[in-house]
């Protein structure tokens, strides 16, 4: 649903493991398992309870569904996984790994990520997108669609050959015949050099730049070099692409608008913060 949320959900399972590895007497608080009482636990491992809320969060992170929608088999399997995680976490505590600076840094990072998810989710829920905002984003995306070009080219091995072809064309030579006879791009050569309609970004940059710099009907007066060789290009036509229907792309546009709105929120937080970079 939301890309940023997906990232945090994928990390949630790791966060639970990280929470379990925090020593019970750590200044940041007890482990996730020790926060629950035996009565509200879904399991007790070596005297340490695993809370129902911890299990529900773990289940949702793994399956993407609330606990109520999980099958008994899924619940049993995931509870076994959580028990194994708790056993591993207890072994880590016993070995003192929770006090390892590298492990503590990973725990701190996961905590930061989960809190960031909570903040962005709260903002998202309290600032829902309106239909007008989605429509405005659609209009902006359509306005920014690049034009499409129809061109033909002749591709040769070296600059001298390309210059010779340009001279022939300027003297009245037939582009299609020259392309068929001399272009090493066999696919377009059969079509008289015709490349059909294309967006500039689908072509290598030197070629795209040359095409966009031509007037309709014009020919490049100097050869254009790319990784494929040397091009002689003629621009035949330019058009604005047919935009997709609003309803067909509404979901994608909404995601873009939501990301922009979230970025604005993050920018505001940054602008109001005191930040001192030390590297």
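The values are calculated or read from the model by the stated rules, or taken from the named source; none is laboratory data. What you see is a predicted model, and the numbers here were worked out from it, not measured in a lab. Every residue, glycine as well, gets a Cβ built from its backbone with ideal geometry; the counts of neighbours run over all protein chains shown.
Things to note:
- Test: residue in region 184-192 that is part of a helix (DSSP H, G or I), surrounded by 11 or more Cβ atoms within 10 Å (Cβ to Cβ) and modelled with pLDDT of 95 or more: yes
- Of the criteria (1) closer than 16 Å to residue 150 by Cα; (2) surrounded by 12 or more Cβ atoms within 10 Å (Cβ to Cβ), which one residue 201 fails: (2)
- Residues in region 229-244 that are loosely packed, with under 15 Cβ neighbours inside 10 Å and more than 23 Å from the chain's Cα centre (by Cα): 237, 239, 240, 241, 242.
- Residues satisfying the stated conditions in region 266-279, i.e. assigned to a helix (DSSP H, G or I) and more than 19 Å from the chain's Cα centre (by Cα): 267, 268, 269, 270, 271
- Residue 195 passes every criterion in (1) more than 16 Å from residue 147 (Cα to Cα); (2) surrounded by 12 or more Cβ atoms within 10 Å (Cβ to Cβ); (3) touching a helix residue (DSSP H, G or I) at 6+ places or on another chain (Cβ under 8 Å) apart from (1).
- Of the candidates 229, 173, 193, the single residue that is farther than 30 Å from residue 138 by Cβ and without any contact (Cβ under 8 Å) to a residue 24 or more places away in the chain is 173.
- Residue within region 124-146 that is out of contact with any helix residue (DSSP H, G or I) (no Cβ under 8 Å at 6 or more places or on another chain), buried (at least 17 other Cβ atoms within 10 Å of the Cβ) and either within 30 Å of residue 192 (Cα to Cα) or assigned by TED's automatic domain parsing to the domain that holds residue 222 (or both) present: no
- Meets criteria (in a helix (DSSP H, G or I), over 23 Å from residue 147 (Cα atoms), without any contact (Cβ under 8 Å) to a residue 60 or more places away in the chain and out of contact with any strand residue (DSSP E or B) (no Cβ under 8 Å at 6 or more places or on another chain)) for residue 181: yes
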